[in-house]
Amino acid sequence: MKLKGMVSLLLLMTLLLLPAPAHSAAAPQRVLLLYDSLAKGTALAGNVAELQRLLAAYSTKVTLSSLDKYEKGVLNSYSKVITVINRSDLSITNEAYLKDIADYPGQLMYVGYNTPGPMKQALRLTAAVWPGGSAKLSIGGFSGIDLKVEEMPYIAASQAVRTYGRLSFQESSLEAPYAVSSGQYTYAPYLRQGDSSVMAMAYVLKDWLPSSAVPHTYLVLREIYPFSDLDLLEKVADRLYQEGIPFIASVQPVFGNTDFPAMERYLEALKIVQSRNGTILVNAPAVRPPINSNDYTLHDKMNAFLNVLIKNGLAPLGAGAESYWSYDKEYAERGLGFFDSAVLYPDEEVRYMDQTNVSKTFASSLYSLTTESLQGLSHTSHAMPQLPVNTAITAELPEDEAGINKLLQTLEQQWITFADYKQGAHKTVTEENTVVSADGVVSVNGVPLNVDYVPEAVSSDYQYKEEQIRSFTKLFSVQNKFFIVVIIAALLLFGGLMTIGYRLYRKKYLKS
Amino acid sequence: MIDNNIVKTTLRQHMVLTGLRVSPALLAAFGVLLVTVIALFTAPYVGMADNGDFFRIIYSNGLYFNLPDYDSRYFGYFVKQFGIYQYYNENSSMLVSSQSLFIKLSLVINKLVFSKEVFDIRFQAGIYTILYVTGVYLLIEAVTCKMSRTRGMIVAALAVFIFGDTGYTAYFNSFFSESVVMIMMLFVFASWLLLYRKKYNDYAMLALFVVSTLILTTSKQQNAPVGMVISVLAIPLIGIRKDRIFRYLTAASIGLMMISGIATYLNISKEFVNINQYHAMTRGVLLESENPETELQSFGINEQYAILKGNTYYDQYGTVDVKAGILEKNFYSHYGFISILKYYMTHPDQMGSILNTAAKSAYTIKPAAMGNYEKSAGKEFRAQSRFFTGYSLLKEKLAPRTFGFILLWMAVVTGIYMPSFAAAVKQRDFRSMQRSMLVLATMLVGLSGIFVSIIGAGDADIAKHEFLFTQSFDLVTFLTLSSVISRGLFTRRKLPTAAQATPADTALPTIPTTDYAGPEKGVSV
């Protein structure tokens, strides 16, 4: 136990001494991302979206376009171009693109099938297609990562200056580099969403988009709702704190009823999270199906929620959102415009409001990976090698104690060094407040934030319904009493008259 | 015609118009047809915009949204053309509704005469219009069958004013099941009234009554109580004829209607869709509660869900996706239709409060949330048609918005028809009881519309969910007004009864002279 504690302490100290990633004020690199097909319904579906996420993690401004829509001269506005060819049966027919690319002086990367002639010559490349089977991928500190492949393009031969990674095909003795580059050309034949080729591509991009920043890995807890088990959230925060693991809580925003006791309890739980070396990130709200896409109040809603957090001593340092949010003008500007830092998750259900093909960039952007996908990344060293890109390892909030134990066990097995998000430079600006973090210090409106938690009891006494304003209550009460007396008197009188009348009737007609 | 027949002018219901005899029913039907054709089939076409519900019914019927910018037209613009699936449709069992019968029929006609790739919703509107006009014809036949010509014509004009309102007929150019509800309710009402009047063949009317009740009950899940209410109140129908076959057939029909109600109810619990379930709690139980946390605890739900009080699925941005796993596991699984019903039964104050909320929208025929024009008409988003909407506007503006008024209205109507019912019971005249049973059944069906709406989805979408009530209100009010008109509102002159007619008047051979004389006594002004 003692040894474990010391290791944790050492890890924490190392992290505290880590330099913050330098955020240059310079304009982000611009990349033109062209594709022939999104390969929907095939094994390659989603590889373009994955590439978009990776490029976002390198803080590049991406312009996405299909090759069919490419117009003459567009290439000249970009210093870097990536072309993804997902169709093995079709070659590029857009003449404007073919002409422009022949004279293009910038950096060119190809992904997929049908490598063009000039690149083949420059790289002295022979490409082939592996029909299917399993392969092992080794790149960076990772080795022997299993890949299940089908119709996989690979580099059969090349005399390129630089090679990236190594693929060895199980059914034969064939070995091939994952990617090659020489001069202005880079070729990475294979990229598939959900397997380790994405990690290999991250290594290639790290070289292709030179960045001096040291990448870090962060732990992100997702799916934190106001109605999550808040006691369990506190327990998770406690356990992670005890283990010396800094983490990020990506919390769901609340746009109404923020004065309810339920909201206060939510805020109290988040304060505990923050006091346990947790960082608060605001997740994008759930977007309902596009039946009512004329709500332009996202900015006001997010602004109000952020201010509620800040007013309660919480410091939101960034946003969490599905990747497509950065390709939607409304969401990016009005929903994510408060933040210079974000974690971009894979798209689950895309519901654009005002789609654009140019991405919003963040000074700090994390590529997200689930804890499950880490299992497939085998490595020879005991500790997990440093990933090539700033990465968020995401886990959903556990549902019970057993879930907490399982999560911690997974993290321990992987031996990942998690960084503290607050060490980096992040900035959140609302209409009323500015939250900044740098070198582990968080300040709100220039005043350092005290994250110590002082428990506060939340009272359940709350008047949910406003009492209706009543006028003339006294008058009506007197009036009520008066009428009650009058009615009772009238009833008695009527009863009396009825009795008398009945008696008279009996006397007159029923003498017998 | 017999020249010396002194009562022929008061009893003859037909106007001779260029050689054509025009009865009040024909006039009303023609009036409604004319207004509907102008509204739905001439530019700018009037219809109803999609509120996000269409997909459920159209996918299962082999249609899809073929407009690339369809999403931008939700709520705002009516869309008249849809794509027809050209390949295997995997959504075939998405929603079970009798509405599919009409969509399928219009699809067949569309394919025969228009296109195999594109479906024009006006084919469906055409079918609905023909059925609706027939329903109006039968209704006016039943209502005016023993009125004088002038009064018959006044009732016909009133019918055009009420039932020709485009607030009703705009539904035909949409995939909302309200169209089916509207037509079938009209048929149920007319056929039941015609059974009472003994105007047409009883077997034919019974068949129409049963078929329309079955289609009405199975048109949407919300209508499950309709089949049950009608089947119970239709029991006296067994006694209207002495022949055994009729009695057996009626008894079997009653059983069938009850089963259809139960089957539709059982279907509810299976398909109590997330959106409605979400609203039932957030816009129902929690909305009017003094302490939402306590209410949630009584359902065994985490009190933190109180934060969702008042939230709707239609808000574009929310804390949680309605389909989220956390809601499935910790929220929806704790309550259903029955537990919410029980809750309201044990919290009458809250029920009163939400009933008043419901009463506020109970007189809206056409919800303002959905636009009526196509985008190409150049009108603004959600623009509402004002063509022939006098009745719906008047009703919405004038009707008192409290549940107390609904109860008062029910009490007054029941009071009006009670003497005739009591007289019929006294005479053991089952046929004469039918009008009161019909009025009671219609009012209960309307009430069920309100109750099911608030239990099933709180106050969300309430204007549309309460359609059944608003139509029931109109039918009963129309019948009552017609009864008043037939008795003479502004004159003290006593109408000659059918019994006084000269037997030699061959123009009225089928009108019975005694069967319905008793019940009319009950209507007094």
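The values are calculated or read from the model by the stated rules, or taken from the named source; none is laboratory data. Just so it is clear, the model here is predicted, and its values are computed rather than measured. Using ideal geometry, Cβ is built from the backbone for each residue, glycine included, and neighbour counts are taken over all protein chains shown.
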Do any residues in region A:54-70 that are among the acidic types (Asp, Glu) have Cβ atoms under 7 Å from those of residues that are surrounded by 17 or more Cβ atoms within 10 Å (Cβ to Cβ), where the two are at least six apart or on different chains, and which pairs are they?
A:Asp68/A:Asn94
Restricting attention to region B:287-299, and to residues there that are more than 9 Å from every other protein chain (Cβ to nearest Cβ) and crowded, with 19+ Cβ neighbours inside 10 Å, which single residue is nearest to B:Tyr313 (Cα to Cα)?
B:Leu287
When residues of region B:362-390 are limited to those that are surrounded by fewer than 16 Cβ atoms within 10 Å (Cβ to Cβ) and without any contact (Cβ under 8 Å) to a residue 40 or more places away in the chain, the one nearest to B:Leu407 (Cα to Cα):
B:Arg386
Report the residue count in region B:300-323 for those that are over 24 Å from A:Ala304 (Cα atoms) and more than 7 Å from chain A (Cβ to nearest Cβ).
3
Please go through region B:371-386 and pick out each residue that is of a type in the set (S, T, N, Q) and outside any loop (DSSP other than H, G, I, E, B).
B:Ser376
If we keep only residues of region A:327-370 that are among the β-branched types (Val, Ile, Thr) and either out of contact with any Leu (no Cβ under 7 Å at 6 or more places or on another chain) or in a loop (DSSP other than H, G, I, E, B) (or both), then the residue nearest to A:Pro316 (Cα to Cα) is A:Thr361
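Provide a single number: the residues in region A:224-276 that are part of a loop (DSSP other than H, G, I, E, B) and within 14 Å of another protein chain (Cβ to nearest Cβ).
First, pick out the residues of region A:224-276 that are part of a loop (DSSP other than H, G, I, E, B): A:225-229, A:243-246, A:252-260, A:276.
This time we only want the ones that are within 14 Å of another protein chain (Cβ to nearest Cβ), so: A:225-229, A:252-260.
Selection size over region A:224-276: 14.
Give me a count of the residues in region A:25-59 that are part of a loop (DSSP other than H, G, I, E, B) and within 14 Å of A:Ser211 (Cβ to Cβ).
Within region A:25-59, residues that are part of a loop (DSSP other than H, G, I, E, B) and within 14 Å of A:Ser211 (Cβ to Cβ) number 5.
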Hey, among B:Ile259, B:Ile235, B:Ile245, B:Ile230, which residue is among the β-branched types (Val, Ile, Thr) and touching a Ser or Thr at 6+ places or on another chain (Cβ under 8 Å)?
B:Ile230
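One line per residue, one yes/no per condition, for (1) among the hydroxyl-bearing types (Ser, Thr, Tyr); (2) not assigned by TED's automatic domain parsing to the domain that holds A:Leu167:
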| residue | (1), (2) |
| --- | --- |
| A:Ser197 | yes, no |
| A:Ser228 | yes, yes |
| A:Leu232 | no, yes |
| A:Tyr241 | yes, yes |
| A:Val251 | no, yes |
Going by what's in this entry, would B:Tyr64 be described as touching a Gly at 6+ places or on another chain (Cβ under 7 Å) and farther than 18 Å from B:Ile215 by Cα?
yes
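Do we find a residue being touching a strand residue (DSSP E or B) at 6+ places or on another chain (Cβ under 9 Å), surrounded by 15 or more Cβ atoms within 10 Å (Cβ to Cβ) and either of a type in the set (A, V, I, L, M) or part of a loop (DSSP other than H, G, I, E, B) (or both) anywhere in region A:462-472?
no
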Quick check: anything in region B:215-237 among the hydrophobic types (A, V, I, L, M, F, W, C), assigned to a helix (DSSP H, G or I) and farther than 22 Å from B:Gln471 by Cα?
yes
Looking at (1) part of a helix (DSSP H, G or I); (2) at pLDDT below 90, can you tell me which one A:Tyr97 breaks?
(2)
Within region A:148-182, how many residues are buried (at least 21 other Cβ atoms within 10 Å of the Cβ) and in a strand (DSSP E or B)?
10
Does A:Val451 fit the bill of being in contact with a Ser or Thr (Cβ under 8 Å, 6 or more places away or on another chain), closer than 23 Å to A:Asn307 by Cα and either not assigned by TED's automatic domain parsing to the domain that holds A:Ala383 or not in a helix (DSSP H, G or I) (or both)?
yes
If the requirement is being among the hydrophobic types (A, V, I, L, M, F, W, C) and surrounded by fewer than 18 Cβ atoms within 10 Å (Cβ to Cβ), which of these qualifies: B:Leu327, B:Leu341, B:Leu308?
B:Leu341
